[in-house]
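*Asks:* Dropping a structure here in structure tokens format, bear with me for questions.
The values are calculated or read from the model by the stated rules, or taken from the named source; none is laboratory data. Note that the structure is predicted; figures quoted are calculated from it, not measured. We place every Cβ from the backbone using ideal geometry, glycine too, and count neighbours over all the protein chains shown.
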């Protein structure tokens, strides 16, 4: 038996483990000192009451023979798919219910969708980037090109006729930079993909943070996207489901390559290698779209958005180059005095007891930059920002 | 972009959809008649009270900031992995906690584990068989050999030096046949795998139905298995989790091929393409192992086991060839009068209004056989058996 040797080409990612180790060491050496964490990409507010109530009811369904649920539909219950359909319809994106495939989260979908694609496709991935995009493709032995996000393009790389890529990753609002593509910018990518028979994998995990009505929250707001794009979305950041696990992918019926329907293949993949998201969790996700649920979730999102605004305004006031923070939970800024990302990390931790994430951990182009997140506690965010500003 | 063209080699499985269509048509033509279903491979009893209580508590944890859980460990919470470790330890199988990887179910693990294996391994799959084993390997373009289960070997194929296989599937207690390998029989497979540098994928989904203490419930009860086997198990049939979704795989640290650790690769795969099983669901699974939980679950299992006994005894009394039913929820029997499986299906439905599953749907060797399941209602099972016997 031979194991998949492509796994040997993976680099170990030490980013988050190194951050954690350095914080641990600092705390051991300074037991009295409070550390302010603006590094965490995880939500901190509890689930909305409407979601909690829906889960208790669903648990009770599982307790009685008459309402007990065994195997559910692999691609998701219609009660949830209908809610997602309406959610898109409110933004004038009309989907067929069969185009919405419910899963246990965006990370699973981003990994598993590659199963329906040939190994010898060439992949285009922005730098800086969420590390899993790269790793999933290395595991399959695919060739990877990168497109540079940088200060010149506002960390929004644009298409270039020199790329010869089959699969293009776009994350907007972006993790780690917080940059958000405009409709015109996404249109350029869609046109490029359609012209070159390429597929766009559009990661919309942070779409709920967009408040500017002119900015697209779905790739399917762009004309032509139905023949070139798959969208991956999640309840993780929208509704605090990082530990509750529910997401979905949108695979249009017009998405056809070499005469083969991507929707049909994804349906077959999920029916064969997946057995659906738990009934209780799908009931929880459906409650996100109820009138009460929506109100409560928007209140939580506003809490994080206000944190982001506090962070962003500090950089604006200081005139420090930054992106994100207005339609995104991430703020990405240039570290002062030509320090490296890790030099700034150490200085910030040791002198100001604040933790962020070094940009260089997300790729070469992240060197000299730093990521902060809005998912923390309000008072801690205010204090941390005050301390960061003292170093700028 | 090229889609994965191996998907075009998949055959459409019409087994369960055809069964469903025929039942629908019968019911439409005979609106007054009750149909007795012994075809369903899904549980029907509600979740145990201990599990329900644990889920309500876990939902409350998610409602409060102090106890809210965001991202959990990708490979499972230690509170659950420790319980699984103890569960195996009670059978004298000692596992390291890092060898137990929690997932959303056996179907996902059976599909996703193949990700860490090279595409050009040759696979050995028994016939008859659970159809997903075959489909998952066709999707990766692997060559597949079959080993025959038949009346001569009691539907337990044994190793043969003519096989040149790298990956071997074993399901015991078997779906669809209900046959259970003895320790000596499994030892022959383990020895064969170790000698030939092959991997055994051992599907233990039905292990909880084994009551005969001499029969192995885990491949790791067999000496030598730690260097050649992965076990996949699930709470679906043990505790009625088919719609609740939790399973686990056991990947020993001694499982090394070409100097590469399978455990390390599986860990990396799951950390990259999976984000853990929901906290609430893992709490539910842990409750299965509590004193109360165990008692309640055994009561449910006994209900199904008694159904199986009722079915099995009818065939014994009639002297009809059958396997399964004593340590398994499935009973597999030879249809009378040289009918094909589908001929018997039609006769049973039309004349006796009972539904089962035609054996030929599970592979060539299933032709002339028929599967019944013990997951139904007691009274319906008794009545259905009475009616089946009238046809034998």
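*Asks:* State the number of residues belonging to the range A:141-160 that are closer than 13 Å to residue A:196 by Cβ and in contact (Cβ under 8 Å) with a residue 24 or more places away in the chain.
*Replies:* Residues meeting the conditions: 1.
*Asks:* Going by the conditions given, is residue A:376 surrounded by fewer than 24 Cβ atoms within 10 Å (Cβ to Cβ) and under 12 Å from residue A:38 (Cα atoms)?
*Replies:* yes
*Asks:* Something else: Among the numbered criteria (1) surrounded by fewer than 23 Cβ atoms within 10 Å (Cβ to Cβ); (2) in a loop (DSSP other than H, G, I, E, B), which one does residue B:191 miss?
*Replies:* Of everything listed in (1) surrounded by fewer than 23 Cβ atoms within 10 Å (Cβ to Cβ); (2) in a loop (DSSP other than H, G, I, E, B), residue B:191 misses just condition (2).
Conditions tested, residue by residue: (1) part of a loop (DSSP other than H, G, I, E, B); (2) under 19 Å from the mean Cα position of the chain (by Cα).
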| residue | (1), (2) |
| --- | --- |
| B:123 | no, yes |
| B:154 | yes, yes |
| B:160 | yes, no |
| B:174 | yes, yes |
| B:178 | yes, yes |
| B:226 | no, no |
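*Asks:* Just one of A:314, A:284, A:299 is buried (at least 23 other Cβ atoms within 10 Å of the Cβ) and out of contact with any strand residue (DSSP E or B) (no Cβ under 6 Å at 6 or more places or on another chain); which is it?
*Replies:* A:284
*Asks:* For the subset of the range B:6-23 comprising residues that are touching a helix residue (DSSP H, G or I) at 6+ places or on another chain (Cβ under 6 Å) and in a helix (DSSP H, G or I), which member is modelled with the lowest pLDDT?
*Replies:* Out of the qualifying residues, it is B:15.
*Asks:* Related question: Here are some residues: B:351, B:367. Which one is touching a helix residue (DSSP H, G or I) at 6+ places or on another chain (Cβ under 9 Å), surrounded by fewer than 16 Cβ atoms within 10 Å (Cβ to Cβ) and closer than 26 Å to residue B:24 by Cβ?
*Replies:* Answer to the selection: B:351.
*Asks:* Return the total of residues in the range A:206-224 being out of contact with any helix residue (DSSP H, G or I) (no Cβ under 6 Å at 6 or more places or on another chain), in contact (Cβ under 8 Å) with a residue 24 or more places away in the chain and outside any helix (DSSP H, G or I).
*Replies:* Total satisfying the criteria: 7.
*Asks:* Might you let me know whether the range A:168-182 holds any residue that is free of Cβ contacts under 8 Å to residues at least 60 places away in the same chain, more than 13 Å from chain B (Cβ to nearest Cβ), out of contact with any helix residue (DSSP H, G or I) (no Cβ under 7 Å at 6 or more places or on another chain) and surrounded by fewer than 20 Cβ atoms within 10 Å (Cβ to Cβ)?
*Replies:* For the range A:168-182, residues free of Cβ contacts under 8 Å to residues at least 60 places away in the same chain, more than 13 Å from chain B (Cβ to nearest Cβ), out of contact with any helix residue (DSSP H, G or I) (no Cβ under 7 Å at 6 or more places or on another chain) and surrounded by fewer than 20 Cβ atoms within 10 Å (Cβ to Cβ): present.
*Asks:* Here's a follow-up. When you scan the range A:96-103, do you find a residue that is under 30 Å from residue B:120 (Cα atoms), modelled with pLDDT of 95 or more and within 14 Å of chain B (Cβ to nearest Cβ), even just one?
*Replies:* Yes: one or more hits.
*Asks:* Test residue A:38 against the criterion of being more than 9 Å from chain B (Cβ to nearest Cβ), within 30 Å of residue B:267 (Cβ to Cβ) and crowded, with 16+ Cβ neighbours inside 10 Å, and give yes or no.
*Replies:* The answer is yes for residue A:38.
*Asks:* I'd like the full set of residues that are within 30 Å of residue A:328 (Cα to Cα), facing chain B (nearest Cβ under 7 Å) and in contact (Cβ under 8 Å) with a residue 40 or more places away in the chain, limited to the range A:232-261.
*Replies:* A:242, A:244, A:245
*Asks:* Might you check whether a residue that is in a loop (DSSP other than H, G, I, E, B) and either within 24 Å of the chain's Cα centre (by Cα) or modelled with pLDDT of 95 or more (or both) occurs anywhere in the range A:52-61?
*Replies:* Looking through the range A:52-61, none of the residues is in a loop (DSSP other than H, G, I, E, B) and either within 24 Å of the chain's Cα centre (by Cα) or modelled with pLDDT of 95 or more (or both).
*Asks:* Considering only the range A:272-288, state which residues are farther than 26 Å from residue A:305 by Cβ and at the interface with chain B (Cβ under 9 Å from one of its Cβ atoms).
*Replies:* If the condition is that a residue be farther than 26 Å from residue A:305 by Cβ and at the interface with chain B (Cβ under 9 Å from one of its Cβ atoms), then A:272, A:273, A:274, A:275, A:276, A:277, A:278, A:279, A:280 are the ones that fit.
*Asks:* To continue, here is another question. What residue, among those in the range B:24-51 that are touching a residue at least 40 places away in the same chain (Cβ under 8 Å) and part of a helix (DSSP H, G or I), is farthest from residue B:282 (Cα to Cα)?
*Replies:* Of everything passing the filter in the range B:24-51, B:26 is farthest from residue B:282 (Cα to Cα).
*Asks:* Residue B:202: under 19 Å from residue B:262 (Cα atoms) and touching a helix residue (DSSP H, G or I) at 6+ places or on another chain (Cβ under 7 Å), yes or no?
*Replies:* Against the criterion (under 19 Å from residue B:262 (Cα atoms) and touching a helix residue (DSSP H, G or I) at 6+ places or on another chain (Cβ under 7 Å)), residue B:202 qualifies.
*Asks:* Within the range A:88-97, track down each residue that is more than 20 Å from residue A:279 (Cβ to Cβ) and either in a helix (DSSP H, G or I) or in contact with a helix residue (DSSP H, G or I) (Cβ under 7 Å, 6 or more places away or on another chain) (or both).
*Replies:* Result: A:88, A:89, A:91, A:93, A:95.
*Asks:* Are any of the residues in the range A:66-78 more than 7 Å from chain B (Cβ to nearest Cβ), over 30 Å from residue B:236 (Cβ atoms), touching a residue at least 60 places away in the same chain (Cβ under 8 Å) and in a loop (DSSP other than H, G, I, E, B)?
*Replies:* No: the range A:66-78 contains no residue that is more than 7 Å from chain B (Cβ to nearest Cβ), over 30 Å from residue B:236 (Cβ atoms), touching a residue at least 60 places away in the same chain (Cβ under 8 Å) and in a loop (DSSP other than H, G, I, E, B).
*Asks:* To continue, here is another question. Starting from the range B:105-125, keep only residues that are within 7 Å of another protein chain (Cβ to nearest Cβ) and more than 11 Å from residue B:136 (Cα to Cα), then list their pairs with residues that are modelled with pLDDT of 95 or more and in a helix (DSSP H, G or I) whose Cβ atoms are within a distance under 6 Å, requiring at least 6 positions of separation or different chains.
*Replies:* Correct list of pairs: B:116/B:265; B:116/B:266; B:116/B:269.
*Asks:* Scan (1) facing chain A (nearest Cβ under 7 Å); (2) more than 27 Å from the chain's Cα centre (by Cα) for the single condition residue B:7 breaks and write down its number.
*Replies:* Checking residue B:7 against (1) facing chain A (nearest Cβ under 7 Å); (2) more than 27 Å from the chain's Cα centre (by Cα), the one that fails is (2).
*Asks:* If the requirement is being in contact with a helix residue (DSSP H, G or I) (Cβ under 8 Å, 6 or more places away or on another chain) and under 30 Å from residue B:370 (Cα atoms), which of these qualifies: B:51, B:43, B:59?
*Replies:* Answer to the check: B:43.
*Asks:* Could you please let me know if residue A:47 is surrounded by 19 or more Cβ atoms within 10 Å (Cβ to Cβ) and more than 7 Å from chain B (Cβ to nearest Cβ)?
*Replies:* Criteria not met by residue A:47.
*Asks:* Then there is this: Kindly indicate whether residue B:141 is at pLDDT 95 or above and touching a helix residue (DSSP H, G or I) at 6+ places or on another chain (Cβ under 8 Å).
*Replies:* When the stated conditions are applied, residue B:141 passes them.
*Asks:* So which of B:137, B:150 ends up being under 30 Å from residue B:371 (Cα atoms), more than 10 Å from every other protein chain (Cβ to nearest Cβ) and part of a loop (DSSP other than H, G, I, E, B)?
*Replies:* Checking each option against the conditions leaves just B:150.
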